[in-house]
Amino acid sequence: MNFRIGNGYDVHRLVTGRPLILGGVTIPHELGLLGHSDADVLTHAIMDAMLGALSLGDIGHYFPPSDPQWAGADSLVLLAKVNQLVQAEGWHISNIDSVVVAERPKLKPHIQNMRGKLAQVLGLQPTQVGVKATTNEKLDAVGREEAIVAHAVVLLMRSSADA
Ligand code: MG
């Protein structure tokens with residue numbers, strides 16, 4: 001088998017007094033995401049998709065919220081660690097697609113920056129990293145601006161033909 005696919009999902013609460021960081025980009029907003037790390041919900045969904053593609057579990061296993069060393073962690077650093085794990089297993093990313101569901105703020109002006117940051121950390125071209133944004137049409141917790149959700153899928157390819 002030369003391809004593996006994984007999907008990831010994450011949600012974090014929006015609160016006052018926290019920065020809003022999505023895909024490694026700090027976005028000006030009066031609310032930010034609550035979490036043990038920097039609560040970068042998009043990067044978390046991508047990491048879970050990468051781990052899921054290889055049935056390696058989830059990020060809670062590798063970076064448990066109970067472990068103080070991950071308090072306030074830069075999720076891009078965690079993403080690099082997950083990428084190392086994937087590469088050590090003999091795989092690399094073909095492409096990522098993702099969607100962030102947020103009622104506000106408008107994310108479109110920041111999408112290219114997110115793709116660039118994620119691609120840089122993963123050693124990819126931005127064309128391999130899809131990031132989309134949508135609202136929840138004012139429905140449910142996301143629609144009430146109580147939370148932001150992210151979904152991601154990742155396709156992995158085997159790194160060597162004889163592996
Ligand atoms: Mg998370």
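Being surrounded by fewer than 20 Cβ atoms within 10 Å (Cβ to Cβ), hydroxyl-bearing (Ser, Thr, Tyr) and away from the ligand (no atom under 13 Å from the Cβ), is that true of even one residue in the range 97-109?
No, the conditions are met nowhere in the range 97-109.
Within the range 105-124, track down each residue that is part of a loop (DSSP other than H, G, I, E, B) and under 21 Å from Ser75 (Cβ atoms). Walk me through how you get there before you give the answer.
Start the filter on the range 105-124 by keeping residues that are part of a loop (DSSP other than H, G, I, E, B), which leaves 105-107, 123-124.
Across the range 105-124, the qualifying residues are Pro105, Leu107, Gly123, Leu124.
Could you tell me whether any residue of the range 77-88 is outside any strand (DSSP E or B) and within 11 Å of the ligand (Cβ to nearest atom)?
In the first step, residues of the range 77-88 are kept if they are outside any strand (DSSP E or B); the result is 77-88.
From what is left, the residues that are within 11 Å of the ligand (Cβ to nearest atom) are 78.
Checking the range 77-88: at least one residue is outside any strand (DSSP E or B) and within 11 Å of the ligand (Cβ to nearest atom).
Select from the range 35-46 the residues that are over 20 Å from His110 (Cα atoms) and out of contact with any Gly (no Cβ under 7 Å at 6 or more places or on another chain) and write down the one among them that is surrounded by the most Cβ atoms within 10 Å (Cβ to Cβ).
Gly35
The numbers here are math on the coordinates, done by the rules we state, and not lab data. Just so you know, these numbers come straight off a predicted model, no measurement behind them. So basically every Cβ, Gly included, is an ideal-geometry build from the backbone, and we count neighbours across all protein chains shown.
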